Amino acid sequence: MPEGAAVTAHPAATVVLLRDTEHGCEVLLVRRNSQLAFHGGAWVFPGGRIDPQDYRGDDGVVAAARRAAVREAHEEAGVTINEDRLVLLSRWVTPEPLPKRFDTWFFVAPAGADNVQVDGGEIHAHRWLTPAQALAEQRAGNIELPPPTFVTLTQLAVYETVGGALSALEHADCETFLPRLHVIASGACTVYDGDVAYDSGDLEQPGPRHRLWIVDSGWCYERTAALSDNGA
């Protein structure tokens with residue numbers, strides 16, 4: 001690989017499983033084995049790489065990602081998902097400077113009646129939490145969330161029911177996140193497409209905001225309302 005060239009991002013898929021409870025709409029989070037090199041010990045949604053067998057005929061990567069999401073949910077959490085119920089939410093691509101990169105398709109789906117049974121290998125535990133509860137646990141330092149998981153939970157926190165979430169997301173565009181990372185005195189800031197600093201790198205420049213502050217005082221997903229309204 002030429003010096004300075006970006007590492008290829010491996011295609012992957014993940015699924016955000018939702019269920020209705022008396023506490024509100026809950027999501028399934030699973031804890032990765034702490035010995036794993038990539039986000040070891042973090043709480044994430046079930047998922048993994050797209051395997052060759054996930055591709056069939058002339059199907060594209062999104063169709064393969066759907067099959068991978070279903071397969072990984074069964075392998076990691078022991079749950080069966082109807083592929084037809086998957087709603088495409090977003091696409092997250094690991095920043096280019098990093099040595100291990102993934103190009104991950106995020107889906108949302110209603111949870112079935114299966115009891116979660118983690119595989120005990122890559123996954124060591126699971127929890128059902130509302131997005132607000134999960135974010136509160138992260139703020140308290142009780143759980144570690146990777147940035148894509150944090151942002152996705154923040155986006156889902158506005159929905160009170162599974163039906164409401166799926167209905168809204170079915171009509172939304174799939175958004176691509178290719179973060180650009182900036183190290184700052186108090187931590188870091190990842191900037192996403194639509195932010196005024198995405199191309200300039202000037203975090204102080206006036207204009208629309210679409211960024212995640214990863215700072216000592218607490219993480220904060222900042223997005224200009226106009227961007228959210230436009231689905232940008």
Given backbone amide H placed at 1.01 Å from N, residues whose amide H is under 5 Å from that of His10, ignoring those fewer than 5 places away on the same chain, are Arg101, Phe102, Asp103
In sequence order, what are the phi-derived ³J(HN,Hα) couplings for the stretch 127-133 according to the Karplus relation 6.51 cos²θ - 1.76 cosθ + 1.60 with θ = phi - 60°, rounded to whole Hz, with x for glycine and proline?
8, 9, 9, 5, x, 5, 5
Once amide hydrogens are built 1.01 Å from N within the peptide plane, the residues lying 5 or more places from Phe107 or on another chain with amide H under 5 Å from its amide H are Thr14, Val15, Val16, Leu89
Can you run phi through the Karplus equation (6.51, -1.76, 1.60; θ = phi - 60°) for the stretch 178-195 and list ³J(HN,Hα) in whole Hz, with x for Gly and Pro?
10, x, 10, 8, 10, 7, 10, 4, 9, x, 8, 9, 9, 10, 10, 3, x, 7
Cα atoms only, the stretch 10-151: Rg and Dmax in Å?
14.6, 47
Theoretical ellipticity at 222 nm over the chain - DSSP helices of four or more residues, -39500 (n - 2.57) apiece, nearest 500:
-6500 deg cm²/dmol
Report relative contact order for the stretch 138-232 in percent, whole number only (criteria: Cα-Cα under 8 Å, sequence separation at least 6).
20 percent
Let me check I've understood the local charge: for Gly78, count other residues with C-beta under 9 angstrom from its C-beta, Lys and Arg +1, Asp and Glu -1. What total comes out?
-4
Report in % the part of the accessible area of the chain that belongs to carbon and sulfur, leaving out ligands and nucleic acids; probe 1.4 Å.
49 percent
How do 116-124, 8-16 rank on mean C-beta neighbours within 10 Å, highest first?
8-16, 116-124
What is the chain's relative contact order, in percent, from Cα pairs under 8 angstrom and six or more apart in sequence?
20 percent
How far is the Cα center of the stretch 84-157 from the Cα center of the stretch 163-205, in Å?
17 Å
Relative contact order in percent for the stretch 46-181 (Cα pairs under 8 Å, 6+ apart) equals 25 percent
Whole-number accessible area per residue in Å² for the stretch 1-157, which is evaluated in the context of all protein chains at 1.4 Å:
47 Å²
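The values are calculated or read from the model by the stated rules, or taken from the named source; none is laboratory data. No experiment lies behind these values; they were computed from the predicted model shown. We place every Cβ from the backbone using ideal geometry, glycine too, and count neighbours over all the protein chains shown. Surface accessibility is based on the protein's heavy atoms, side chains included, excluding ligands, DNA and RNA. Shrake-Rupley method; radii C 1.70, N 1.55, O 1.52, S 1.80 Å.
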